[in-house]
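Right, one structure below, let's go through it.
Readers should treat all values here as calculations from the given coordinates under stated rules, not as data from a laboratory. In this text, all values refer to a predicted model and were calculated from it rather than measured experimentally. Heads up, the Cβs are rebuilt from the backbone with ideal geometry, glycines too, and the neighbour counts pull from every protein chain shown.
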Amino acid sequence: MKNVLAFLLLISVCFSCTKTDKYNNCEHYIRGDLSVGIKDGVPIEEVFSLFNRLDVKISKMSIYSYTSPYPQDSLASLVSYLRTKPYFEQGTLSPNGVFLGGVILLSTHFFDMTPANQQDWIATKNALHLTEKPGLTKSVLLKVPEGKEKIWIFKLRPYDMVVWAELNCIGSARPG
């Protein structure tokens with residue numbers, strides 16, 4: 001019986017010591033970071049609500065696009081105004097905009113989306129009559145307690161709006 005238990009222990013140790021991580025196949029990741037995919041069509045307010053309820057910090061949000069009802073000649077002033085917001089990183093091209101198909105299309109990357117920044121974005125979006133444009137899965141980078149990343153992966157995956165929840169891998173692409 002001791003030999004069987006020793007063998008089973010040896011087998012479990014061998015399988016747990018693989019080079020890649022069984023959660024998303026990356027050997028090295030940024031401690032405290034999780035990459036989360038959000039289903040297309042989920043309003044940003046619902047995303048904010050979920051992560052606020054779970055009390056996790058939103059570091060970055062990508063692939064968010066909006067349409068504007070304003071005419072083409074207001075594109076530059078609209079983008080210029082939005083770039084004054086603290087949650088758009090200064091010196092980057094976010095947000096940026098184009099006039100396409102008769103409408104202004106804005107693409108954004110949000111940074112440091114504290115509850116105050118979230119409320120400001122919702123108020124700004126509503127005041128400017130911006131409409132979220134569907135089309136792609138959104139990407140959210142979260143800060144979770146270091147050493148608890150894998151626990152958070154399992155906490156997040158069951159939510160309907162979550163397409164993926166994975167470690168923020170270093171030097172490797174997220175599996176498709």
**Study point:** Identity of the residue in the range 73-94, of a type outside the set (A, V, I, L, M, F, W, C) and touching a His at 6+ places or on another chain (Cβ under 8 Å), that ends up nearest to residue 129 (Cα to Cα)
**Key:** 94
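Suppose we filter 81, 87, 66 for residues that are more than 18 Å from the chain's Cα centre (by Cα) and of a type outside the set (S, T, N, Q); which single one remains?
Criteria check complete, one pass: 81.
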Check your understanding: Where in the range 23-129 are the helices (runs of 4 or more DSSP H), entirely inside, with at least 2 residues that are closer than 25 Å to residue 145 by Cα?
Key -> 44-53, 115-127
